[in-house]
1. Of the residues P148, P140, only one is at pLDDT 95 or above and either within 21 Å of M95 (Cβ to Cβ) or surrounded by fewer than 23 Cβ atoms within 10 Å (Cβ to Cβ) (or both); which?
2. What number of residues within the range 54-87 are among the acidic types (D, E), assigned to a loop (DSSP other than H, G, I, E, B) and farther than 21 Å from K118 by Cα?
3. Since W98 meets every condition but one in (1) among the hydrophobic types (A, V, I, L, M, F, W, C); (2) within 16 Å of Y125 (Cα to Cα); (3) more than 19 Å from the chain's Cα centre (by Cα), which condition does it not meet?
4. In the range 67-93, how many are of a type outside the set (A, V, I, L, M) and in contact (Cβ under 8 Å) with a residue 12 or more places away in the chain?
5. Of the residues that make up the range 159-180, is at least one farther than 30 Å from T82 by Cα, among the hydroxyl-bearing types (S, T, Y), surrounded by fewer than 22 Cβ atoms within 10 Å (Cβ to Cβ) and at pLDDT below 85?
Amino acid sequence: MKKHIVIHLLCLLFLTSCGGTKTIKTAPANPQTGQQKSINTSAASKSGGYYLDDGPGDNPPKDIDSIPNAVPKNEPYLERTTKPYKALGATYTPMTAWQPYKERGVASWYGKRYHGRKTASGEVYDMYSMSAAHTTLPLPSYVKVTNPANGRFVIVRVNDRGPFKSSRIIDLSYAAAYQLRFASIGSTLVEIEAIDPNHAASYSQTIPTKAADLPKMQSIPTAPTNNNNTTAPQYFVQVGAFKNEVNAQAVAKRVQSLDIAPNAGINTVYNDNLHRLRLGPYENKSEAEKIVSELRKLLNLRAIITNQ
């Protein structure tokens, strides 16, 4: 009888200790397989603001800006990567031939979590190369990615599939995101343009080989014009102006972690030695007002609407 009581107490003790473990949450799908895995959130809490166990590498190159752009060239497409596929419940139909392609939307990046793993093309992913993942562009292909908030751009080689989140249009390598100046905040608004492989040689002669060759600061491109040839206004939500860039980045991570603005980039704009944290641009003022309301309600942050 005593033996049974002892065993029962030991079982209770074991169950109690197990009850103190963290809950399990599902990680985003592997960009190569579309499969998901479970990760303990105790590990995720050490990510420093990056999603789960992803983030910058522990020993990055000393000068990431010196990493050269990818050099466009005419390469045969991998036939196995041109077939329709499914990922996270959605079906994607890759392009089977080059065609003009321009798009404006949110870019994200992926780092050490996938560093050293095979991409959809079969190549090994290197977070310090100028590469990218796209759901439908041919593999391999080349695109120009521009950050309209600061005028910086990179040329990347698309050799992987993803991102499988409807609000994002491209996943960049860490090096590419760093050179576009959004690596610290996870995602931003970009413009991407496919490079014609038949004119790749002449195109590569007109681009800087590395970010260090770009001007330190460039003006934001003007907004598109309407049928009356007048400039269409764009609206931004300014979350704050900081003297310390670290403080601006900390607030940017708070905003980004809640997905308050999934369709807008978060950028630090330098002006008069201040770091202005902005979301946008938005096509109309009502969209910007909704974001201001969300910031006040969820983060108790006061934001203003600007058109510059």
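The values are calculated or read from the model by the stated rules, or taken from the named source; none is laboratory data. This one's a predicted model, so the numbers in the text were calculated from it and none came from an experiment. Counting neighbours? That spans all protein chains shown, and the Cβs are built from the backbone with ideal geometry, glycine included.
1. Working: P148 fails: at pLDDT 95 or above.
P140 is the lone residue from the list that is at pLDDT 95 or above and either within 21 Å of M95 (Cβ to Cβ) or surrounded by fewer than 23 Cβ atoms within 10 Å (Cβ to Cβ) (or both).
2. 1
3. (2)
4. At the first step, the residues of the range 67-93 found to be of a type outside the set (A, V, I, L, M) are 68-69, 72-77, 79-86, 89, 91-93.
Then drop every residue that is not in contact (Cβ under 8 Å) with a residue 12 or more places away in the chain, which leaves 68-69, 72-75, 77, 81-82, 85-86, 92-93.
Matching residues across the range 67-93 total 13.
5. There is no residue in the range 159-180 that is farther than 30 Å from T82 by Cα, among the hydroxyl-bearing types (S, T, Y), surrounded by fewer than 22 Cβ atoms within 10 Å (Cβ to Cβ) and at pLDDT below 85.
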